[in-house]
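Structure record follows, encoded as structure tokens.
The values are calculated or read from the model by the stated rules, or taken from the named source; none is laboratory data. Keep in mind it's a predicted model, so treat the numbers as computed, not measured. Cβ coordinates were reconstructed from backbone atoms using ideal geometry, including for glycine residues, and neighbour counts include every protein chain displayed.
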Amino acid sequence: MKPISENQKYTGACLCGAVIFKLNLKKIKMMYRCYCSLCRKQSGATSNASTFVQTELFQWQQGAQLIRTYVKDTGFNSSFCTQCGSPVPNALGINPKVMWIPLGLIQEDFSPELELNFCVNSKVSWAETHQKITEFDELPNMVELKKYFEMNS
Ligand SMILES: [Zn+2]
Ligand SMILES: [Zn+2]
């Protein structure tokens with residue numbers, strides 16, 4: 001285990017909380033979204049939302065033994081918590097000195113200075129629906145949700 005310095009700023013956890021990690025970073029300056037078909041399936045959304053962190057600044061806190069990695073025949077891989085299915089960090093195949101971090105697991109709020117967008121040629125049309133957005137401050141209640149349950153019938 002690496003020593004924890006006072007730089008430590010970010011913690012990440014999967015959905016069930018069994019896998020926990022720390023980023024020994026002052027600031028997450030960069031994030032990226034990838035719109036390719038693989039990242040779409042891996043994230044279940046229009047794109048993933050991720051970043052890269054130097055492996056030496058990354059530390060597993062618990063649950064690393066619960067992680068499994070699916071490797072496609074092309075080499076694309078996806079690591080996940082076997083208890084809850086959350087995507088979890090993994091070392092880049094092309095450069096193991098860099099960890100891939102799925103940002104949705106980070107517990108603290110932050111505002112990256114830079115957002116990169118990859119594979120925009122593969123972006124699905126429903127990635128751009130801003131003019132149709134209806135916002136709710138929190139999860140809508142059952143009465144508000146009722147009409148949306150029936151909308152896709
Ligand atoms: Zn989990
Ligand atoms: Zn991708």
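N24 meets each of the listed conditions (1) more than 16 Å from ligand 1 (Cβ to nearest atom); (2) closer than 29 Å to E128 by Cα apart from (2).
Per-residue answers, yes or no, for (1) modelled with pLDDT of 95 or more; (2) among the polar types (S, T, N, Q):
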{"residue": "C39", "(1), (2)": "yes, no"}
{"residue": "N90", "(1), (2)": "yes, yes"}
{"residue": "I94", "(1), (2)": "no, no"}
{"residue": "G104", "(1), (2)": "yes, no"}
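Can G104 be described as in a helix (DSSP H, G or I) and of a type in the set (G, A, S)? Considered against the rule, which asks whether it is in a helix (DSSP H, G or I) and of a type in the set (G, A, S), G104 comes out as yes. Condition check: away from ligand 2 (no atom under 15 Å from the Cβ), in a loop (DSSP other than H, G, I, E, B), farther than 26 Å from S125 by Cβ and of a type in the set (F, W, Y). Does F110 satisfy that? It is true that F110 is away from ligand 2 (no atom under 15 Å from the Cβ), in a loop (DSSP other than H, G, I, E, B), farther than 26 Å from S125 by Cβ and of a type in the set (F, W, Y). In the stretch 47-62, the residues that are crowded, with 16+ Cβ neighbours inside 10 Å and modelled with pLDDT of 95 or more form Cβ pairs under 7 Å with partners that are hydroxyl-bearing (S, T, Y) and assigned to a strand (DSSP E or B), at six or more places apart or across chains, as follows: S50/Y32; T51/Y32.
Within the stretch 81-100, restricting attention to residues that are touching a Ser or Thr at 6+ places or on another chain (Cβ under 8 Å) and closer than 18 Å to C36 by Cβ, the residue that is nearest to ligand 1 (Cβ to nearest atom) is P87.
When P96 is tested against (1) of a type outside the set (D, E, K, R); (2) within 15 Å of the chain's Cα centre (by Cα); (3) closer than 15 Å to F76 by Cα, exactly one condition is not met: (2). Just checking, does the stretch 105-118 include any residue being loosely packed, with under 11 Cβ neighbours inside 10 Å, among the small types (G, A, S) and farther than 30 Å from A18 by Cβ? The answer is no, given that none of the residues of the stretch 105-118 is loosely packed, with under 11 Cβ neighbours inside 10 Å, among the small types (G, A, S) and farther than 30 Å from A18 by Cβ.
Only strands (runs of 3 or more DSSP E) whose full extent lies in the stretch 2-86 are considered here, and the ones with at least 2 residues that are within 16 Å of ligand 2 (Cβ to nearest atom) and touching a Phe, Trp or Tyr at 6+ places or on another chain (Cβ under 9 Å) are 30-34, 50-54, 77-81.
From the set of residues in the stretch 119-150 that are assigned to a loop (DSSP other than H, G, I, E, B) and surrounded by 10 or more Cβ atoms within 10 Å (Cβ to Cβ), which is modelled with the lowest pLDDT?
Taking the stretch 119-150 as the starting set, the residues that turn out to be assigned to a loop (DSSP other than H, G, I, E, B) are 119, 123-124, 128-129, 133-141, 150.
Now restrict to residues that are surrounded by 10 or more Cβ atoms within 10 Å (Cβ to Cβ): 119, 123-124, 128, 140.
Values: C119: 95, K123: 95, V124: 96, E128: 85, P140: 88.
Among those residues, the one meeting the criterion is E128.
Kindly indicate whether I106 is more than 21 Å from T46 (Cα to Cα) and within 16 Å of ligand 1 (Cβ to nearest atom). Spelling it out, it is not the case that I106 is more than 21 Å from T46 (Cα to Cα) and within 16 Å of ligand 1 (Cβ to nearest atom).
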